[in-house]
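Each remark here refers to the structure printed beneath this line.
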Amino acid sequence: MEHILKGINLNKTFGTKDQNIQALKDVDFYLDEGELLGIAGESGSGKSTLLNVISGLIRPDSGELFYREQEYTGKDPAHTGRFLQMIFQDAKSSFDPRFTMECSLLESRRKKTDRDALCGILKEVGLDEKLLKRKASELSGGQCQRMSIARALYSEADILLCDEITSALDVSSQAQVVEILKKLNVERKLSAIFVSHDIALLSTLCTRIMVMKDGQVVEQGLTTDVIGTPGNEYTKLLIESARKQSL
Ligand SMILES: Nc1ncnc2c1ncn2[C@@H]1O[C@H](COP(=O)(O)OP(=O)(O)OP(=O)(O)O)[C@@H](O)[C@H]1O
Ligand SMILES: [Mg+2]
C-alpha cells in the first residue's frame, strides 16, 4: 500500500556548547491515508524534532522523506506547506497578531479565495464566522486552536502535524479539539500525526502509536496492542504513570 508520508533512517544531532545531542537516531515512520498516528514519549525524547524534520523546518543530517512516494528531503516549509501543515501547542503565537483571523486564513491558501469553503470549514470546527473579524489576542485558547485547524484545512493540506496541541487547553476545550479531529478523520479521511507526552489522550484518538525514547522509536503498533500488551519496559512505565494520573 502506498503511504501518504514516509521517513527512512532519519538522524539529527544538535551541537551545543557543552555536548552533542542526538535528537533522532535512525528513525523510520510511515503514515497511511486517513490514519491518525500518535507519537508518545517523555520530554526531550525527540518528538518535536521529528515533526520539525518532517515539515522541513529542520534539515535531517541523513535520511529520506517521501510524500506519496515522491522524495522531498531537504525541502523547506514553503514547499511542504502544499501537502502538510503544522499545528502548535501555542496557537496564539502561530497567528500574526496584527491580522484578523479572516486575513490570516485567506492568506494561507494559494488558490483563489473561496469564502463558502472557508465558512463551511469554520462550521466543521464549531466556530462562528463572526470570529473571523477578531485577532488572535481576542480569542480563547480553544477557539484559537480550532482556528489553526481551520486554517490548515482551508489551505488544502492533506496532512496535519499536531505538536501537543491540547496541552495548553482546559479539559473541556481539550475534549472538543479531540472530537473535532475524530470527526474530520471520519468525514474527510484526514491524515494526521499527533504528538503528545500523554499516552492516555493518544489512545482515545489514534489507531496506531509510536513510542519514542532518547531519539529512538522503542515501540510501535496498533493502539490496542501497545496499550493492552506493551512489549517495552518504557512503554509500560508511560502507561502506568498515565493510569496513576487519571485516578
Ligand atoms: N535547537 C536545538 N538545539 C540544541 N538541542 C536541541 C534543539 N532542539 C532540541 N534539542 C534537544 O534535542 C532533544 C529532543 O528535543 P525535542 O524538542 O524533540 O523533544 P520533545 O520530545 O519534543 O520534548 P517535549 O515533550 O518537552 O516537547 C532534547 O534533548 C533537546 O534538548
Ligand atoms: Mg516537543
Summed over the other residues with a beta carbon less than 12 angstrom from that of Tyr234, with K and R at +1 and D and E at -1, the charge totals -3
For region 125-182, with only Lys/Arg (+1) and Asp/Glu (-1) charged at the beta-carbon, what is the dipole magnitude about the Cα centre, in debye rounded to 20? 260
Taking the Cα of Thr204, stepping 7 Å toward and past its beta carbon, and measuring to each backbone N in region 153-168: which are under 19 Å? 162-168
What shape does region 102-192 have by the C-alpha gyration tensor, where a ≥ b ≥ c are the square roots of the eigenvalues, rounded means a/c under 1.5, and otherwise prolate means a/b greater than b/c and oblate the rest? oblate
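Counting only other residues whose beta carbon sits under 11 Å from that of Arg110, what net charge do I get with K and R as +1, D and E as -1? The partial results should precede the final answer.
Numbers: positive: Arg82, Arg109, Lys111, Lys112; negative: Glu107, Glu156.
For residues surrounding Arg110, the net value is +2.
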Can you give the three extents of the C-alpha atoms in the chain along their principal axes, from longest to shortest, in whole Å? 50, 44, 43
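Taking Cα pairs under 8 Å and at least six residues apart, what relative contact order does the chain come out at, in percent?
Rounded, it is 26 percent for the chain.
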Place a label point 7 angstrom from the Cα of Val171 along the Cα-to-Cβ direction, then list the residues of region 189-218 whose backbone nitrogen is under 19 Å away. 197-205
Label-point separation in nm, Asp61 to Lys25, each point 7 Å along Cα→Cβ: 1.2
Work from the charge dipole of the chain (Cβ charges, +1 for Lys and Arg, -1 for Asp and Glu, about the Cα centre) and give the residue of Leu161, Pro60, Ala136 farthest towards its positive end. Ala136
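DSSP loop trypsin sites (Lys or Arg not before Pro) in region 1-93 with at most 11 other Cβ atoms within 10 Å of their Cβ, which ones? Please report the intermediate quantities before stating the final value.
Values: sites: Lys6, Lys12, Lys17, Lys25, Lys47, Arg68, Lys75, Arg82, Lys92; in loops: Lys17, Arg68, Lys75, Arg82.
Those satisfying the criteria are Lys17.
Nothing charged except the Cβ atoms of Lys and Arg (+1) and of Asp and Glu (-1): what's the magnitude of the dipole of the chain about its Cα centre? Round to the nearest 20 debye. Don't jump to the answer; show the numbers that get you there.
On the way: 32 positive and 36 negative charges, 154 e Å.
Computed charge dipole of the chain: roughly 740 debye.
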Dividing the alpha-carbon radius of gyration of region 106-145 by 2.2 N^0.38 Å, where N counts its residues, gives 1.21
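Using a Förster distance of 22 angstrom, determine the FRET efficiency expected from the C-beta separation of Glu71 and Lys111, and round it to 0.05. Please list the in-between numbers first.
On the way: r = 25 Å, r/R0 = 1.13.
That gives a FRET efficiency of 0.30.
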I need Ser137, Ser203 ordered by Cβ neighbour count within 10 Å, fewest first. Ser137, Ser203
For the chain, with a Gaussian network of springs between Cα atoms less than 10 Å apart, report the residue from Cys206, Cys103, Cys144 with the top mean-square fluctuation. Cys103
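Got the relative contact order for region 108-247 handy, in percent, Cα pairs under 8 Å and 6 or more residues apart?
Relative CO of region 108-247 lands at 17 percent.
No value in this document is a laboratory result; all are computed from the given coordinates. Nothing here was measured: the structure is a model prediction, and the numbers come from that model. Note: ideal-geometry Cβ built from the backbone for every residue, glycine included; neighbour counts use all protein chains shown.
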